[in-house]
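Q: Okay, here's the structure, questions in a sec.
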Amino acid sequence: MNTYIARSSYGSKLNKKHTLAEEYEYINQIGKIVDREQRATQVVQYLEQQVNQARELGIEQGKKPKALIIELMGKDLRLYNENTLAGNIVEQVGGELLLPNESSTGYEELITLNPDVLFIVIIESDYKNADKVVARLYNNPALQSLKSVKNRSIKILPLYAVYSPGIRVKDGIQIIVDGLYPELAKEGPYEKLVTGN
């Protein structure tokens, strides 16, 4: 019996950098396995088009939105850096990923960095509490100077969309693009989760 293991699920010891290219490769490989190569190619082309469209918009506008991707860990903030899929998506669509080589930070540095967009990664058990997670940051008196608070640009990023997502990487790309370039935002089935409203 043959077994297929997606490269993105290897873990950081075997796979140091998780990229969109790996997800595209996974989709194409699954297409071959289930004899749907043409459909897989179409999906990958669509995803590449979305990424390119966002990057080109940023170039046209001379805009490189600054983003930070965090996971709330008590007093500390876990960072999704350039070695993570979420970080790679931000870079691929033309955003500037803040603290690209760090794995954690604190609230003081968050205030100093002042990102245009703040993405918060949450796990499945927190999906129903997404509004409360976002509200906790919007209502934090210490964070009122943040652009992402003033502009209501704190976005929820479900873990399923950026950790070994396969075809669900579409959601990860859309959420990140919508956060960085709200003028490209499209409504989707996860809009309430994304906006936190």
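The values are calculated or read from the model by the stated rules, or taken from the named source; none is laboratory data. All of these numbers come straight from a predicted model, not from anything done at the bench. Cβ atoms come from the backbone with ideal geometry, glycine included; neighbour counts cover every protein chain shown. The protein model used for the area step is the full one, side chains on, heavy atoms only, and it has no ligands, DNA or RNA in it. Shrake-Rupley method; radii C 1.70, N 1.55, O 1.52, S 1.80 Å.
Q: Out of the stretch 61-114, which residues are β-branched (Val, Ile, Thr), under 17 Å from residue 159 (Cα atoms) and assigned to a loop (DSSP other than H, G, I, E, B)?
A: Once the filter is applied, which keeps residues that are β-branched (Val, Ile, Thr), under 17 Å from residue 159 (Cα atoms) and assigned to a loop (DSSP other than H, G, I, E, B), the stretch 61-114 yields only 84.
Q: Read through the list (1) touching a residue at least 60 places away in the same chain (Cβ under 8 Å); (2) more than 25 Å from residue 166 (Cα to Cα); (3) among the acidic types (Asp, Glu), then give the number of the only condition that residue 102 fails.
A: Status for residue 102: all satisfied but (1).
Q: So for the stretch 115-133 (the condition being at pLDDT 95 or above, small (Gly, Ala, Ser) and either in a loop (DSSP other than H, G, I, E, B) or farther than 26 Å from residue 57 by Cα (or both)), does at least one residue qualify?
A: No, the stretch 115-133 has no match at all.
Q: Filter the stretch 158-185 down to residues that are open to solvent by 80 Å² or more (accessible area, probe 1.4 Å), in a loop (DSSP other than H, G, I, E, B) and under 20 Å from residue 66 (Cα atoms), then give me how many there are. If you could, list the steps in order and put the result at the bottom.
A: Step one: of the stretch 158-185, the residues open to solvent by 80 Å² or more (accessible area, probe 1.4 Å) are 163, 167-168, 170, 182-183.
Remaining after also requiring in a loop (DSSP other than H, G, I, E, B): 163.
Now narrow it down to the ones that are under 20 Å from residue 66 (Cα atoms): none.
Number of matching residues: 0.
Q: Scan 85, 72 and give me the residue that is within 30 Å of residue 149 (Cα to Cα), at pLDDT below 95 and surrounded by 12 or more Cβ atoms within 10 Å (Cβ to Cβ).
A: Working: 85 fails: at pLDDT below 95.
The match here is 72.
Q: Related question: Restricting to the stretch 32-58, and then to whatever is over 19 Å from residue 171 (Cα atoms) and at pLDDT 90 or above, can you tell me which residue is nearest to the chain's Cα centre (by Cα)?
A: Out of the qualifying residues, it is 56.
Q: Follow-up question, since we're still on this one. Filter the stretch 101-145 for residues that are of a type in the set (Phe, Trp, Tyr) and under 16 Å from the mean Cα position of the chain (by Cα); which is most open to solvent (accessible area, probe 1.4 Å)?
A: For the stretch 101-145, the residue satisfying everything is 127.
Q: Within the set of pairs 6 or more residues apart or between chains, which connect a residue that is within 13 Å of residue 26 (Cα to Cα) inside the stretch 36-49 to a residue that is open to solvent by 60 Å² or more (accessible area, probe 1.4 Å) and not charged (D, E, K, R) with Cβ atoms less than 8 Å apart?
A: 43/167
Q: In addition: Has the stretch 146-157 got at least one residue that is at pLDDT below 95, under 28 Å from residue 52 (Cα atoms), of a type in the set (Ser, Thr, Tyr) and surrounded by 19 or more Cβ atoms within 10 Å (Cβ to Cβ)?
A: no
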